[in-house]
């Protein structure tokens, strides 16, 4: 990270430190699932980059740089696998009721609500998955307060390195981080961590992930994959999230930021971007001040890695899956 003299100390070091962005969670602890909504101020430019081999998404084609619409109303991160994409319907209803969204040439307002999901269907009660009402409730709960982290929202049923089942997995969750420069430029991230790979700490050691057979300590997912080479994998995982800035970015520049931000996943998860992951990152720019996309992208990657590590440090045991605090 660049010298600390360019950084400004703030009381909120999460995504909501970006003016105008609000975050709300819907959490179902019994079902071990939920969703998280990012509400964007008018005029927010959105883009996306998908790196995982098993993504579940909505409106990602629209966000490609060569397509027409730039403005994003909200972003949804949800559990529930493909069923969880229905949460975006509730988010759209919330916006329509308030007259918020993209104004088409015919005058009809259409909220633009991209979404990505993670697989948590084998964690909580069978059949539990968030739907449209969950998305609506997450909007109602949205605020500019410091983002709640751990087993909330889209991170409620998240787990890490479950290739040998929930007994040897670690509890995942949702995390957020941000940094503010002395000129007011702010860059942040929010991540729902449900990865195939282990989460790697700042020191390069395994922070959370696949537990050893003996139950003490963690073992390499890569090594375990080699042992399992002849077996059929039942892995169903992903890391999804968003990065944002109050800087001015074009749609193409925002897409480059999303691409660079994926480096944060690769730094904090090993292995990352597998065929069983749906790794998806949205990028948002609210346009308050000039910004260099390379600078924003570099810091976005740092915030992604920090948010991933925060997610597992804040997670607590749920549905029989141990958190790192449980040893």
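The values are calculated or read from the model by the stated rules, or taken from the named source; none is laboratory data. Please read all numbers here as calculations on a predicted model, not as lab measurements. Cβ atoms come from the backbone with ideal geometry, glycine included; neighbour counts cover every protein chain shown.
Descriptive notes on the structure:
- Entry remark, region 71-110: residues being on the phi < 0 side of the Ramachandran plot and surrounded by 20 or more Cβ atoms within 10 Å (Cβ to Cβ) number 18 in total.
- Exactly one residue out of 156, 182 is farther than 20 Å from residue 323 by Cβ and either crowded, with 24+ Cβ neighbours inside 10 Å or at pLDDT below 95 (or both), and it is 182.
- Extreme residue, surrounded by the fewest Cβ atoms within 10 Å (Cβ to Cβ), among residues of region 34-46 that are under 18 Å from residue 140 (Cβ atoms) and touching a helix residue (DSSP H, G or I) at 6+ places or on another chain (Cβ under 8 Å): 39
- Test for residue 168: is it on the phi < 0 side of the Ramachandran plot, buried (at least 24 other Cβ atoms within 10 Å of the Cβ) and touching a strand residue (DSSP E or B) at 6+ places or on another chain (Cβ under 8 Å): no
- In a residue-by-residue description of region 2-22, the property of being buried (at least 22 other Cβ atoms within 10 Å of the Cβ) and farther than 26 Å from residue 130 by Cα applies to at least one position.
- Unmet requirement for residue 294, which otherwise passes all of (1) outside any strand (DSSP E or B); (2) within 16 Å of residue 47 (Cα to Cα); (3) touching a residue at least 40 places away in the same chain (Cβ under 8 Å): (3)
- Within region 258-276, residues that are without any contact (Cβ under 8 Å) to a residue 60 or more places away in the chain have Cβ atoms under 6 Å from residues that are part of a helix (DSSP H, G or I) in these pairs: 260/297; 260/301; 263/301, counting only partners at least 6 apart in sequence or on another chain.
- Residue count, region 290-310 (criterion: within 14 Å of residue 188 (Cβ to Cβ) and touching a helix residue (DSSP H, G or I) at 6+ places or on another chain (Cβ under 6 Å)): 7
- Of residues in region 186-209 being buried (at least 24 other Cβ atoms within 10 Å of the Cβ) and not in a strand (DSSP E or B), the one nearest to the chain's Cα centre (by Cα): 195
- Number of residues in region 131-185 that are assigned to a helix (DSSP H, G or I) and within 14 Å of the chain's Cα centre (by Cα) equals 3.
- Region 282-327, subset more than 24 Å from residue 200 (Cβ to Cβ) and out of contact with any strand residue (DSSP E or B) (no Cβ under 7 Å at 6 or more places or on another chain), residue surrounded by the most Cβ atoms within 10 Å (Cβ to Cβ): 293
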